[in-house]
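One structure is given below, encoded as structure tokens.
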Amino acid sequence: MKNILVLTDFSDNSWNSITYALALFNNESCNFYLLNGMNAYENEFADETSNQLLLVKNKKNSKKEFTKLLDKIANSPLKGAHTFIPISTDIDVISAARSEIKDKRINLVVIGTNGMLSNGKQNNISPIAEDIITKLKSSILVVPFEARFNGLKEIAFPTDYTNFREAKLLLNIIDLLSAYKATTSFVYMAKNSDKLDKEQQWNKETLHDYFLNYPHSFHNEINKNFELLIENFIQKHTIDLIVMAAKNLNLFEQIFFRPKMKNIKYYFKTPFLVLHQSKY
């Protein structure tokens, strides 16, 4: 049985991430741990409509919000055969999540985001969300506010073929691929040339070997603007989910943490699954 940790601030963003996760795992029985904790960045960002997690401070208020949330889940057609366990804490959410990941043997962390800061400026992911992605040693599903689950047929895996551990990381999603019969598109992203060196070629062949029994394809895409590259690929291939290795910080910086384009649709609509090496 999967153990899934959902970080919640009881907002619409959070509810959207919960319903997405419930739909994604509709055919399984999972333990959903719903965590509300403190946000270390709350004094830096006062606007509650921004894309950060602004968590409820007061435990009494948190208890009331959990009661409403659990009732909402119970009345949802997506509630499934899952177990839901609320967790309220007065420590920061990163530390709390680390503890729960270890204690509950968490397989996946789920967070919701807005996709763009409310002031309309450059759409950078919030500091708290970036910390969650980079500092928690668990695979993380990032669900933008406009994302809706409509099945899982096409998955994109952006890569530069420099991380030989990517193949093993992808074993963590084999059950999803099997359940939905999804096709994985490995997207080699390059700014100037699609020529691979020996190490990159070996890593590409390793990915192929790991996926021999699963539908997959390889694509070479050249564009100095990686955001635009991914945007075009998602639209052309109707991608449902982007999967990336957590250690590929170079790609994260350019297409997820600090993209330069303001009106990229994937930032608002396409979920990201960030893979860490799972211990469980």
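The values are calculated or read from the model by the stated rules, or taken from the named source; none is laboratory data. Bear in mind the structure is a predicted one, so any value in this text is a computation, not a measurement. Methodologically, a virtual Cβ is constructed for each residue, glycine included, from the backbone with ideal geometry; neighbour enumeration extends over all protein chains shown. The protein model used for the area step is the full one, side chains on, heavy atoms only, and it has no ligands, DNA or RNA in it. Shrake-Rupley method; radii C 1.70, N 1.55, O 1.52, S 1.80 Å.
Which percent, to the nearest 5, of DSSP beta bridges fully inside the chain are antiparallel?
DSSP beta bridges in the chain are roughly 5 percent antiparallel.
Tally up the carbon and sulfur contribution to the accessible surface of the chain as a whole percent, 1.4 Å probe, everything protein left in place.
Roughly 49 percent of what the probe reaches on the chain is carbon or sulfur.
Mean residue ellipticity at 222 nm from the helices of the chain, using -39,500 (n - 2.57) per DSSP H segment of n ≥ 4 over the full residue count, to the nearest 500 deg cm²/dmol?
So the helix-based figure for the chain works out to -9500 deg cm²/dmol.
Between ASP160 and PHE257, what is the spin-label point distance in nm, taking each point 7 Å from the Cα along the Cα→C-beta axis?
Using points 7 Å along Cα→Cβ, the separation is 1.3 nm.
Taking the Cα centre of the chain as the origin and placing charges on Cβ (Lys, Arg +1; Asp, Glu -1), which of ASN250, TYR267, ILE173 is farthest toward the positive end of the dipole?
ILE173
Please work out the average accessible area per residue across the chain, using the 1.4 Å probe convention, and give it in Å².
Dividing the accessible area of the chain by its residue count gives 48 Å².
Quick one: how many Å² of ASP194 are accessible to a 1.4 Å probe, rounded to 10?
Using a 1.4 Å probe on the heavy atoms, I get roughly 70 Å².
Mind scanning LYS2/LYS181; LYS195/LYS236; LYS135/LYS236 and naming the pairs with a C-alpha gap bigger than 27 Å?
Over 27 Å apart, Cα to Cα: LYS135/LYS236.
Suppose R0 equals 45 Å; then what is the FRET efficiency for ILE85 and ASN192 from their Cβ-Cβ distance, rounded to the nearest 0.05?
With a Förster radius of 45 Å, E is 0.35.
Going down the list LYS72/LYS269; LYS137/LYS168; LYS153/LYS198; LYS204/LYS265, which pairs span over 20 Å between their C-alpha atoms?
Flagged as over cut-off: LYS72/LYS269; LYS153/LYS198; LYS204/LYS265.
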